[in-house]
1. Quick check on region 41-71: of everything there that is hydroxyl-bearing (Ser, Thr, Tyr) and touching a Gly at 6+ places or on another chain (Cβ under 9 Å), which residue is surrounded by the most Cβ atoms within 10 Å (Cβ to Cβ)?
2. Filter region 287-317 down to the residues that are among the β-branched types (Val, Ile, Thr) and crowded, with 16+ Cβ neighbours inside 10 Å, then identify the one that is farthest from Val336 (Cα to Cα).
3. Given the options Ala328, Ala283, Ala301, name the one that is without any contact (Cβ under 8 Å) to a residue 12 or more places away in the chain and hydrophobic (A, V, I, L, M, F, W, C).
4. For region 1-114, please list each of the strands (runs of 3 or more DSSP E) lying entirely inside it that holds at least 3 residues being over 30 Å from Asp151 (Cα atoms).
5. Of everything in region 93-105 that's touching a residue at least 40 places away in the same chain (Cβ under 8 Å) and closer than 11 Å to Ile158 by Cα, which residue is surrounded by the most Cβ atoms within 10 Å (Cβ to Cβ)?
6. Looking at region 157-174 only, could you name the residues that are surrounded by fewer than 18 Cβ atoms within 10 Å (Cβ to Cβ) and either assigned to a helix (DSSP H, G or I) or among the acidic types (Asp, Glu) (or both)?
7. Among the charged types (D, E, K, R) and in contact with a helix residue (DSSP H, G or I) (Cβ under 9 Å, 6 or more places away or on another chain) - does that describe any residue in region 277-286?
8. Checking Tyr241 against (1) over 25 Å from Gly101 (Cβ atoms); (2) out of contact with any strand residue (DSSP E or B) (no Cβ under 8 Å at 6 or more places or on another chain); (3) crowded, with 17+ Cβ neighbours inside 10 Å; (4) of a type outside the set (Gly, Ala, Ser), which test does it fail?
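Laboratory data are not the source of any read-out in this text; all were calculated from the coordinates shown. Not measured: the values here are computed from a predicted model. Neighbour counts are summed over all protein chains in view; Cβ atoms, including those assigned to glycine, are modelled from backbone coordinates with ideal geometry.
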Amino acid sequence: MITIPELGFYALAGAPESPKEMLTELADGEQMGFGSVFLSERFNVKEAATLSGAAAAVTKHLRIITAATNHNTRHPIVTASYASTMHHLTDGRFTLGLGRGIVPLQDAFGIGRITTAQMEDFAQLMRRLWKGEAVFGHDGPAGSWPVLSLDRTFDLDIPLGLVAFGPQSLALGGRVFDDVILHTFFSDETLQRCVTAVKTAAEQAGRNPDDVRVWSCLATVGDHLSESLRLKKTVGRLASYLQGYGDLMVSTNGWDPSVLERFRNDEVVQGIGGAIDSVATTAQLEHIAELFPDEWLASAARGSAAQCTETIRQQFTLGADRVILHGATPAELAPVVEHYKATR
């Protein structure tokens, strides 16, 4: 089997009917030679710790990376123990990946908004606990606790990942984290700028920039898929991101904010109750596609397997260390992966 450690995929991408679908995806992904599987968290059937344990049980080689869970939805001892359990269960294949979260959802659920300072404080706490330290009287941005301790015999090196978007998060990733996972639909210029920001921050912190892996998250939707499915995985996915954090997406890519305003005010968009990639009809997606300039969907691997492979390779040329083939199952990615391996 030819392994491709530089490529990863998301399990249960989008809105699966059942988390059991992940088991088939993991078997396919490992057989195809992927190096890493990423687990996102949604508060329905995609709870990260449960998925992580299941992934550990049915894989032997894949790195398992949460991308992402939020540090403030569990007590730090619970999260630290979750990671140390996964570390031992997988013989070191686990990476705890954190993220800032979606503000409207946090506000609705009464979950506190996450700051850069909190994530940095929390990451440092995790590393101290994994090294067997007992932390007394911690009072920092992440919170205050009388005592935090796991096991005095621990001397664990567990990688930490960060899903980064804005400049503060990118700099934090370079300073503190081992893997930095970027967002889907980043333009070439944005990808280059983000990689530079992470590597520069790492160097300024006295780290070797090569020790921080930057992952491009590349929507990969080949022409071998049906047109309706391609619409869902490109137009639908981008539209869902714009529903959650459109201002940040637009400002990060330097896109025209008036397009976002037109999207938000559109009667069809306003009439869709829920995440667009989950519930919109093909006719609705076709309408929404007309609202987006071509450049907004250009940062995706599309076309033939050869064309998708070329786009994947371009991510490395632009500075990414690794690439996530996002938005499709391993089975849906098979023709692209086979062409990539054959021409590697």
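1. Selected residue: Thr66.
2. The selected residue is Ile288.
3. After ruling out the rest, the residue left standing is Ala283.
4. 4-10
5. Only one residue tops the list, namely Leu96.
6. Asp157, Pro167, Gln168
7. For region 277-286, residues among the charged types (D, E, K, R) and in contact with a helix residue (DSSP H, G or I) (Cβ under 9 Å, 6 or more places away or on another chain): present.
8. Tyr241 satisfies all of (1) over 25 Å from Gly101 (Cβ atoms); (2) out of contact with any strand residue (DSSP E or B) (no Cβ under 8 Å at 6 or more places or on another chain); (3) crowded, with 17+ Cβ neighbours inside 10 Å; (4) of a type outside the set (Gly, Ala, Ser) except (1).
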